[in-house]
Amino acid sequence: MRNKTLLIATLLMGVGALVTVRLTREAPTDAPVRKPLVAAAVLDAVRTVTIKANNKSVMLVKGEAGWTVKEKLNLPADLENRLLPLMRGLQKAGDFGLLTANPKRLEKLGLTDSVVTLTTADGKATTLAFGKQTEDGLGASARLNDEKHAIRTDFTGYLEGDPAAWADLTLFSAKPAEIKSLKLEWKDGQVSFARKEVGALFEGKEGAAAEDIVAALATIRAADALPKDDKEAAGARRTARITLGLFDGASVVVTLDSATAAKPGEAARAFVTVTHSDPKHQANAVTKLATFVAVPWMVEQVPPSLADFRKGPVSAEPAPQTIQIPGPAPAIITSPDIKVK
């Protein structure tokens with residue numbers, strides 16, 4: 001009996017000790033509470049996005065035809081490289097709670113340098129002022145609307161306020177293999193090329209030159225967009241007209257116009273116009289809104305005349321090689337009848 005009583009007492013003491021340990025053990029530290037930085041309902045209902053950054057400001061507006069850049073002649077916004085990454089970044093970003101409410105520390109965070117304002121269809125605006133990265137490297141510090149404190153976020157997106165950076169300046173894009181025919185027209189004549197089938201190359205001694213031009217014009221992206229009444233563009237003269245025929249039956253006409261250089265020795269700007277056979281193609285719509293400046297490398301790929309195209313690329317003549325003879329320079333002996341001045 002004594003052994004049984006001792007065993008029971010020991011078990012009861014063990015259970016009591018276990019309960020005591022569980023009750024007195026320190027509770028684990030709670031992880032930071034995360035909530036969405038911007039509510040999904042707000043992002044779904046956004047109709048305008050205003051970005052202030054780098055001392056510039058831009059407004060993107062969503063209309064029936066899609067997103068446009070207000071300050072850049074209402075041209076289509078660059079969705080793939082600009083707007084979608086920003087919206088995805090805001091969608092994934094979280095609010096991790098209070099960072100600081102100290103006025104002096106708030107000033108040091110630079111919360112007025114980069115500001116994003118999202119305005120929904122009902123006119124309500126959500127303002128996100130982003131500042132310096134938090135000390136723990138989580139992401140940017142931020143302030144919502146007119147709150148007097150800053151919060152911790154994991155937002156790491158890059159903000160740009162230059163309107164030109166938000167406009168989609170791609171006028172036409174296709175794979176070189178999709179282009180069936182090429183026609184080049186200048187004042188002094190024209191030349192045409194055609195592929196026999198998909199994957200075939202242009203034939204003839206000038207076929208390689210035609211391939212280079214097609215590769216350069218398969219994707220046409222402008223360097224900038226100017227108002228339709230730009231005086232320099234109005235005074236430009238036609239240098240070339242290029243017609244691209246696609247295997248799907250569509251055709252694209254590209255014209256290049258060169259302006260006179262404003263100053264001697266200064267490179268003259270060229271302007272590019274793209275017209276697509278499909279009336280609904282974006283190139284036709286944006287041509288009515290702006291005049292587009294051609295990128296220099298594209299202009300360099302198109303010869304200014306048929307004569308230049310026939311010549312082919314000009315290669316610089318190699319400089320004559322001189323043979324250095326070791327030792328002192330040889331003396332020059334002249335005839336008594338020759339005087340060296």
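The values are calculated or read from the model by the stated rules, or taken from the named source; none is laboratory data. Just so you know, these numbers come straight off a predicted model, no measurement behind them. Backbone-built Cβ (ideal geometry, glycine too); neighbour counts: all protein chains shown. Each accessible area value is taken on the protein alone, full model and side chains, heavy atoms only, with ligands, DNA and RNA left out. Shrake-Rupley method; radii C 1.70, N 1.55, O 1.52, S 1.80 Å.
A few comments on the model shown:
- Cα-Cα over 23 Å, subset of K124/K280; K35/K70; K196/K280; K104/K148; K124/K288: K124/K280; K35/K70; K196/K280; K124/K288
- Carbon plus sulfur fraction of accessible area for region 154-201, probe 1.4 Å, in percent: 51 percent
- For region 118-219, GluC sites (Glu not before Pro) meeting the loop criterion (DSSP other than H, G, I, E, B) and having at most 11 other Cβ atoms within 10 Å: E135, E197.
- Summing +1 for each Lys or Arg and -1 for each Asp or Glu among the other residues whose beta-carbon sits under 9 angstrom from that of R195 gives 0.
- Pairwise centroid distance, computed over Cα atoms, of region 128-185 with region 63-121, Å: 9 Å
- Label-to-label distance, nm, for residues given as R47 and A200 (7 Å Cα→Cβ offset): 5.5 nm
- Calculated FRET efficiency, K183 to A285, Cβ-Cβ distance, R0 = 22 Å: about 0.35 to the nearest 0.05.
- 18 Å cut-off, amide nitrogen to a point 7 angstrom out along S305 Cα→Cβ, residues in region 181-201: 184-191
- For R34 and R105, the difference between the fully extended length at 0.36 nm per residue and the C-alpha to C-alpha distance is 23.3 nm.
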